[in-house]
Every structure is written in structure tokens, then in C-alpha cells.
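Beneath this line is the structure, given in C-alpha cells, with notes to follow.
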Amino acid sequence: DIQMTQSPSSLSASVGDRVTISCRTSQSIINYLNWYQQKPGKAPKLLIYAASSLQSGVPARFSGSGSGTDFTLTISSLQPEDFATYYCQQSYSTPLTFGGGTKVEIK
Amino acid sequence: EVQLVESGGGLVQPGGSLRLSCAASGFTFSMYWMHWVRHAPGKGLVWVSRINSDGSSTRYADSVKGRFTISRDNAKNTLYLQMNSLSAEDTALYFCARVRAEKWGMDVWGQGTTVTVSS
């Protein structure tokens with residue numbers, strides 16, 4: 001199974017801050033890496049697919065980068081609606097695996 | 001409107017069974033691979049199972065293999081998850097989600113249905 005290591009597990013930030021979340025996989029997944037945003041009690045929302053492609057309708061302040069085993073989600077200017085938990089997920093092989101999540105809280 | 005609506009969750013005793021359904025609308029269901037993902041209270045997201053577009057190929061997480069069965073009825077635009085031999089560890093909010101093809105991200109999710117396993 002491909003292990004996902006996501007960091008940090010939580011962070012505090014202010015509106016307007018630049019936020020970076022990292023995801024490392026235990027083996028190369030080429031670029032089969034997706035990022036999701038989840039708010040309490042709600043379904044996850046796809047933000048980035050194939051490591052760096054912005055899902056339709058997602059604001060351009062979200063971006064993804066990386067390949068192989070190291071990936072990054074960046075929020076260029078944090079907005080009030082961005083406070084949520086973020087997950088990375090590999091779609092390279094089954095069993096599909098998610099990172100442990102990063103909770104972004106208001107400072 | 002593209003939509004997935006789960007149903008069938010509830011309270012069940014350990015060792016019991018449930019069948020979850022996921023009704024799709026607003027898109028050509030038969031063209032998409034489908035997944036089940038669960039979210040236990042206070043934990044992260046966990047992938048459960050997937051099925052390809054025509055139902056000929058399925059995969060499971062080790063934790064549910066042999067107990068859960070994923071299936072689909074493309075004529076009814078519905079995905080299923082038959083869950084047997086349930087234990088407290090299966091307690092979670094269960095989501096269905098679609099993908100355009102095997103290695104794509106899950107771009108549409110249902111609202112989830114809650115499964116609680118308790119005596």
C-alpha cells in the first residue's frame with residue numbers, strides 16, 4: 001500500500017496569509033495526486049487533480065505542484081471560507097489512500 | 001444538476017448487515033467509475049471500495065474485503081454497498097463519489113449516509 005504523509009496536521013493562519021501544505025508518498029505516484037477540502041459534516045470537495053490541475057469552479061488562489069513523491073498545495077491568500085481540513089489522496093493504485101489531513105484554523 | 005444521493009444508513013447491531021444505495025442524476029452514470037469513502041468521527045477519510053463503469057471490476061480496502069460488496073445497476077443509475085458482519089469500527093459517514101476514469105480525482109460526492117454499529 002502507498003503511505004501518505006501530510007504535514008502539518010494543523011496550522012493557524014490569518015486572512016490574507018499564504019499557506020502551504022505538504023504531502024509525501026512512500027513511492028512514486030507520478031502525478032496521480034489529488035487535493036480535497038472538507039468542512040465539518042460536509043462532503044469533500046475536489047480542488048486539485050493530477051497534482052497541479054485546478055478543478056473547474058475552484059478559485060485560482062489554490063494551486064498544486066510536485067511529482068514523484070513530493071507534492072504541495074498552496075493557498076496564495078487565505079480567505080474566510082478557506083478555513084477547513086485539507087486532504088491529499090493518491091489515485092495511482094488501489095487501495096487508494098488519503099493523507100491524515102491538515103486542519104486550517106483562524107489565528 | 002449533477003447529483004449523488006446516498007441512503008440506507010442507520011443503526012445496526014454488531015454482526016448485522018446494511019445495504020447502502022447511491023442514486024445518481026444529471027450525468028451519464030454508466031460512463032463513470034464509482035467509489036465509496038468513509039469518514040469515522042474524529043478520524044480522516046478512508047477509501048472503502050471502487051467499481052468500474054460497467055461493473056466488471058471491483059476493488060476493496062483490506063479492512064472490508066470479504067465483508068463488503070460493491071455493485072451497480074446502470075439501468076437504475078444506482079450504486080450499492082452491501083455491508084455484512086459489521087463491527088463498531090465500521091461506524092462512519094459513508095460517501096459515494098464518481099471519477100471520470102480510473103486514476104482521476106473524485107469530482108462529485110454525495111452528502112453521505114451515517115452508519116452506526118452499536119448494541
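What follows is calculated from the coordinates using simple rules that are stated; it is not laboratory data. Please read these numbers as outputs of a predicted model, since none were measured by experiment. Cβ coordinates were reconstructed from backbone atoms using ideal geometry, including for glycine residues, and neighbour counts include every protein chain displayed.
So, B:Asn52, is that one within 18 Å of B:Thr113 (Cβ to Cβ), in contact with a strand residue (DSSP E or B) (Cβ under 9 Å, 6 or more places away or on another chain) and surrounded by 14 or more Cβ atoms within 10 Å (Cβ to Cβ) or not? When the stated conditions are applied, B:Asn52 does not pass them. Filtering region A:2-36 to residues that are surrounded by 13 or more Cβ atoms within 10 Å (Cβ to Cβ) and of a type in the set (D, E, K, R) leaves A:Asp17, A:Arg24. The residues of region B:67-119 that are away from every other protein chain (no Cβ under 14 Å) and among the hydrophobic types (A, V, I, L, M, F, W, C), listed by number, are B:Ala75, B:Leu79, B:Leu81, B:Met83, B:Leu86, B:Ala88, B:Val115, B:Val117. Filtering region A:56-72 for residues that are of a type in the set (Ser, Thr, Tyr), within 10 Å of the chain's Cα centre (by Cα) and within 14 Å of chain B (Cβ to nearest Cβ) leaves an empty set.
Of the residues screened, B:Ser49 is not one that is more than 10 Å from chain A (Cβ to nearest Cβ) and of a type in the set (S, T, N, Q). Give me a count of the residues in region B:8-38 that are exposed (fewer than 15 other Cβ atoms within 10 Å of the Cβ), under 14 Å from B:Thr113 (Cβ atoms) and in contact with a Leu (Cβ under 9 Å, 6 or more places away or on another chain). Total meeting the criteria: 2. Comparison of A:Lys45, A:Lys103, A:Lys39 shows that the only residue that is surrounded by fewer than 16 Cβ atoms within 10 Å (Cβ to Cβ) and under 13 Å from the mean Cα position of the chain (by Cα) is A:Lys103. Would you confirm whether or not region A:82-91 contains a residue that is closer than 30 Å to B:Val115 by Cα, away from every other protein chain (no Cβ under 14 Å), part of a helix (DSSP H, G or I) and out of contact with any strand residue (DSSP E or B) (no Cβ under 8 Å at 6 or more places or on another chain)? No, the conditions are met nowhere in region A:82-91. When A:Leu46, A:Leu33, A:Leu73 are checked against the criterion of being within 15 Å of A:Val104 (Cβ to Cβ) and of a type outside the set (Lys, Arg), A:Leu73 stands alone in meeting it.
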